[in-house]
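Undergrad: Let me give you the structure first, and then I'll get to my questions.
Every read-out reported here was derived from the displayed coordinates using simple, explicitly stated rules and does not represent laboratory data. Remember, it's a predicted structure, so these values are computed and weren't measured experimentally. Here the Cβ positions follow ideal geometry from the backbone for every residue, glycine too, while neighbour counts run over all protein chains shown.
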Ligand SMILES: *Cc1c(COP(=O)(O)O)cnc(C)c1O
């Protein structure tokens, strides 16, 4: 009997996607694998291992806790925390030997005392906000002042890199180009100030694919590693291979007569005789209610429409006249079945979001099973 719901993650696909990113950028550009939010729902540690096998030489996460988790798992490569780190979180990040994103001389002053007790110098990346309007400073002068503060704090602190992040690399390349032009003069000044090699980085997956001028010394690839499309279209356009398949199975089949209803609120009422299959996956697993009457499920290599409401633990699909579907048969929400496939991006478009959110939304209740092109690990 199949498991009720499982996310199958193909680590070979992640390895190949990493290698594809490296081909795209050229091998002189380093690859930093972004594995925040538990590797976009895939599982941070196995994904990071696969990315390193595929050529990544650095990892990035959003939080101090995520950095600690990776370090405990044994990774020796640099781990960059992309997000803000509070004073409370700082000791754990420093103890894990994580590198930090900084933009403010006052933060450097607060770090200095802590870093003095660290076994090795704490590496920092100074972030210029060139247009995303989130983290980083908008002021080149403040960014340069931050660099000076870091250099003054040697040997406790070490200037590792300078960075920025794009707002529209997935859409408006003109604005991304403007961000790049704001970044360049800062990069030149930073390089002139730096007393050792500086790693300059800006590109996310969209910029990796669409803005070769933004690759600098290193790129930060997230969604592309997982085989997702940053433009929310078909990842196959860029030769990316989705690594995750979300599957469940047919737990019950019953006939339905005209006028009979299915699920909460009687949202679906049959107009013709048919059959309804119940699949044990629901919003408790990350299949959001907005997908009610608005999603397909692949069974036996064919699409079947989700009917009625999504409940916490179950969904229902209409089987139609063909008798092929049987009890216990595998059903696929995300991934391929025979020649049919449904991407996270397709599901996302149906509900007005992006593939990233669909993948991150697969809940903890769904076990992740890892394989290597179908072979168990
Ligand atoms: C999440 C993130 C990335 C990766 O973005 P993708 O679009 O998934 O490639 C890169 N840089 C920063 C700062 C991020 O927060």
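Undergrad: Report the antiparallel proportion of the DSSP beta bridges in the chain as a percent, rounded to a multiple of 5.
TA: Numbers: 32 of 62 bridges.
Within the chain, antiparallel bridges account for around 50 percent of the total.
Undergrad: Could you tell me how many degrees, from 0 to 90 and to the nearest 10, lie between the Cα long axis of helix 140-152 and the main elongation axis, the longest principal axis, of the Cα atoms of the chain?
TA: Relative to the chain, helix 140-152 is tipped by roughly 70 degrees.
Undergrad: Helix 173-193 sits at what angle to the longest principal axis of the chain, using alpha carbons and giving 0 to 90 degrees rounded to 10?
TA: 30 degrees
Undergrad: Round to a whole angstrom and tell me the spacing of the C-alpha centers of the range 214-247 and the range 350-365.
TA: After rounding, the separation between the Cα centres reads 15 Å.
Undergrad: If we sort 24-30, 286-292, 137-143 on the protection proxy, mean other Cβ atoms within 10 Å, highest first, what's the order? Don't skip to the answer; put the middle values down first.
TA: Working: 24-30: 14.3, 286-292: 20.3, 137-143: 15.9.
The peptides rank, most packed first, as 286-292, 137-143, 24-30.
Undergrad: Then there is this: Tell me the relative contact order for the chain as a rounded percent, counting alpha carbon contacts under 8 Å between residues six or more apart.
TA: Reported relative contact order: 18 percent.
Undergrad: Turning to a different aspect of this structure: Taking square-rooted eigenvalues a ≥ b ≥ c of the alpha carbon gyration tensor, is the range 11-226 rounded, prolate or oblate, where a/c under 1.5 means rounded and, failing that, a/b exceeding b/c means prolate? Numbers along the way, then the final one.
TA: On the way: a/c = 1.78, a/b = 1.12, b/c = 1.58.
Cα axes put the range 11-226 in the oblate bin.
Undergrad: May I pose another question? Multiply the residue separation of residue 73 and residue 241 by 0.36 nm, subtract the distance between their alpha-carbon atoms, and state the gained length in nm to one decimal.
TA: Full extension of this stretch gives 57.9 nm more.
Undergrad: If you don't mind, there's one more thing I want to ask. Which order do peptides 2-9, 128-135 fall in by mean Cβ count within 10 Å, highest first?
TA: On the way: 2-9: 19.1, 128-135: 17.5.
Put in order of decreasing packing, that is 2-9, 128-135.
Undergrad: Also, I was wondering about something else. Can I get the semi-axes of the range 244-342's equivalent ellipsoid? Compute them from the C-alpha gyration tensor as square roots of 5 times the eigenvalues, in angstrom, largest first.
TA: That gives 20, 16, 11 Å for the three semi-axes.
Undergrad: Quick check: convex hull of the Cα atoms in the range 156-251, volume per residue, rounded to a whole Å³?
TA: About 142 Å³ per residue, rounded to a whole number.
Undergrad: In whole Å and largest first, what semi-axes does the C-alpha gyration tensor of the chain yield when each eigenvalue is scaled by 5 and square-rooted? Provide the component values of the computation, followed by the final result.
TA: On the way: eigenvalues 410, 79, 67 Å².
Listed largest to smallest, the semi-axes of the chain are 45, 20, 18 Å.
Undergrad: Looking only at the range 174-302, where both bridge partners belong to it, what percent of the DSSP beta bridges are antiparallel (to the nearest 5)? Intermediate values should be presented prior to the final figure.
TA: On the way: 8 of 9 bridges.
Approximately 90 percent, going by the DSSP bridge assignments.
Undergrad: Measure nothing fancy, just the Cα-based angle from helix 105-116's long axis to the longest principal axis of the chain, in degrees from 0 to 90, nearest 10.
TA: 90 degrees
Undergrad: Right, next: Suppose only helical runs count, i.e. DSSP H with n ≥ 4. What mean residue ellipticity at 222 nm does that imply for the chain under -39500 (n - 2.57) per run, divided by all residues and rounded to the nearest 500 deg cm²/dmol?
TA: On the way: 11 runs with 110 residues, N = 377.
That comes out to -8500 deg cm²/dmol.
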